[in-house]
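Working notes, beginning with the structure itself.
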Amino acid sequence: VTRIGNSPDYPDRIFIAGKVGVSRSENFGQSWQDVDLTTGWGYSGVSHVEVSGANPDVVWAGCRMNATSRVFVSTDGGITFKATNGYSVPLGNLSGLATHPSRPSTAFALFSFAGSPKILRTDNLGESWVDISGYSGTSAGFPDVAVYSLLVTDTIPETLWAGTEIGLFISEDNGKSWWYSDNGLPSVSIWDMKRKGRQV
């Protein structure tokens with residue numbers, strides 16, 4: 001299973017992540033350039049690739065984050081990638097990746113392990129990661145459930161929406177605290193969220 005990454009700035013440039021790394025196409029899949037990331041890639045059967053919403057030349061990709069595997073980032077449109085730094089504890093397979101609509105150096109790695117951080121954020125292209133779900137320190141009110149998707153609102157960049165296995169959780173302070181969105185949206189798994197104009 002893989003997520004296809006692309007950007008409205010370059011609609012014919014698409015990415016897929018697979019067993020040995022990332023493949024890049026500039027002509028909507030008619031031909032591909034392979035970027036081998038076997039060292040530190042850690043393929044697990046599920047891989048993720050996301051193009052930055054702030055800068056289409058920044059591309060994030062990964063399968064897992066542990067002692068030997070990393071999330072990778074490209075700053076040249078996916079021609080080359082480098083491994084980001086790890087987190088203070090090994091976490092294993094990613095359940096998602098997300099980017100920020102106005103901060104190209106910011107990305108989010110999502111996880112689903114019980115009793116462990118659920119959302120890590122980097123603000124420096126992966127030089128360091130912080131837990132914004134509250135499992136590495138003071139509780140932020142985030143539930144101990146699987147997280148599959150995350151969306152940063154483009155109108156209020158401090159507002160985060162996290163799609164979990166039990167519904168939507170929202171932070172209005174960039175992850176310092178979270179609350180459950182019980183405004184009629186059912187308690188179902190939210191696998192993905194996309195913006196279209198002012199709608200999600």
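Some observations on this one:
- Selection from the range 84-107 of residues that are farther than 20 Å from Ile14 by Cα and not in a loop (DSSP other than H, G, I, E, B): Gly92, Asn93
- Residue check, Ala140 of a type in the set (A, V, I, L, M, F, W, C), more than 21 Å from Phe72 (Cβ to Cβ) and surrounded by 16 or more Cβ atoms within 10 Å (Cβ to Cβ): yes
- All positions within the range 16-55 that are within 22 Å of Asn85 (Cβ to Cβ), open to solvent by less than 20 Å² (accessible area, probe 1.4 Å) and not in a loop (DSSP other than H, G, I, E, B): Ala17, Gly21, Val22, Val35, Ser47, His48, Val49, Val51
- Enumeration of residues in the range 91-137 that are open to solvent by 20 Å² or more (accessible area, probe 1.4 Å), of a type in the set (Val, Ile, Thr) and touching a residue at least 40 places away in the same chain (Cβ under 8 Å): Thr99
- So Ser88, is it open to solvent by less than 10 Å² (accessible area, probe 1.4 Å) and among the small types (Gly, Ala, Ser): no
- Residue ID - nearest to Arg64 (Cα to Cα), chosen from residues in the range 3-15 that are assigned to a strand (DSSP E or B) and open to solvent by 70 Å² or more (accessible area, probe 1.4 Å): Asn6
- The residue that is farthest from Ser128 (Cα to Cα), among those in the range 56-81 that are touching a Leu at 6+ places or on another chain (Cβ under 9 Å) and surrounded by fewer than 18 Cβ atoms within 10 Å (Cβ to Cβ), is Thr75.
- Taking every residue in the range 161-179 that is closer than 17 Å to Ser112 by Cα and touching a residue at least 24 places away in the same chain (Cβ under 8 Å) and pairing it with any residue that is of a type in the set (S, T, N, Q) and open to solvent by 10 Å² or more (accessible area, probe 1.4 Å), at least 6 positions away or on another chain, the pairs with Cβ-Cβ distances below 8 Å are Trp161/Thr153; Gly163/Ser189; Thr164/Ser189; Glu165/Ser112; Glu165/Ser189.
- Residue match in the range 143-164 (condition: crowded, with 21+ Cβ neighbours inside 10 Å and more than 23 Å from Val51 (Cα to Cα)): no
The values are calculated or read from the model by the stated rules, or taken from the named source; none is laboratory data. Since the model is a prediction, treat every value here as computed from it, not as a measurement. Please note: Cβ atoms are built from the backbone with ideal geometry, for glycine as well, and neighbour counts cover all protein chains shown. Remember, those area values only see protein heavy atoms, side chains included, never the ligands or the DNA or RNA. Shrake-Rupley method; radii C 1.70, N 1.55, O 1.52, S 1.80 Å.
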